[in-house]
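Novice: Below are the structure tokens for one structure; questions will follow.
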């Protein structure tokens, strides 16, 4: 199914089927792009599936699942994040906010170094079930707004959206996508790009390696989420500490990279420290 980690990445991150990606970006983000304007950060590769199957360990399967869930596009002047989450946990919204905020922070730092404009960071979470228990449309988008006047703050720079598969859209285009995500099929009246997407899923069903990997990934994902929910219920959940530690490691890696780029551009330690709000000693500590 296209709602699995493997299926989602096969449909939206396959260089051979970039027409589907173009349509998805247009229909959900409202951005008109051409294939040459899209850079898939980590495109789908059958070779990665083959290597994981050859390894066969739980660690290899978990590592592949992480790469499959990291679906990001650099589209012209935008940075787009897309995630499929069929089964949500109690911290799903917090994690979605954390991810888009971290990506925006990294984008802001990179823009300060290069002197270019900040690229908007938009995130879309396609999710099973219902997140908002009301009669509203399933595609919901959130930006920063004034609590009194509702005037937007940074309206184009930071956006977080959710598409609930538990609700059927009234918009014909989104309804066609909803039908594809929930069935893996395209109806005669649906756009041609969804027929192409359905063809990807149909071929995957007959590929023994991809079918086997889809089963392993699904089992691993449900086991992991069951463990997380059990840990929440027992009050022993340590995931947030691990997430913070991982985020800090990523921040340090990005920071070190930015410092090296600044040095290559001829900036001195004091200038770099001022830009990044660091001490000169911290800048010099990066080799």
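The values are calculated or read from the model by the stated rules, or taken from the named source; none is laboratory data. Bear in mind the structure is a predicted one, so any value in this text is a computation, not a measurement. For neighbour counting, all protein chains shown are included, and Cβ atoms are generated from backbone atoms with ideal geometry for every residue, glycine included.
Novice: Here is a list: 108, 29, 73. Which entry is within 19 Å of the chain's Cα centre (by Cα), surrounded by 18 or more Cβ atoms within 10 Å (Cβ to Cβ), modelled with pLDDT of 85 or more and at negative phi?
Specialist: Result: 29 is the single residue among 108, 29, 73 that is within 19 Å of the chain's Cα centre (by Cα), surrounded by 18 or more Cβ atoms within 10 Å (Cβ to Cβ), modelled with pLDDT of 85 or more and at negative phi.
Novice: Taking only region 127-140 into account, find how many residues are under 24 Å from residue 154 (Cβ atoms) and part of a strand (DSSP E or B). Full working, then the answer.
Specialist: The first filter runs over region 127-140 and keeps only residues under 24 Å from residue 154 (Cβ atoms), leaving 131-132, 136-137, 139-140.
If we keep only those that are part of a strand (DSSP E or B) as well, we get 139-140.
Residues in region 127-140 being under 24 Å from residue 154 (Cβ atoms) and part of a strand (DSSP E or B): 2 in total.
Novice: With the checklist (1) modelled with pLDDT under 65; (2) in a helix (DSSP H, G or I) in hand, flag the one item residue 261 doesn't pass.
Specialist: (1)
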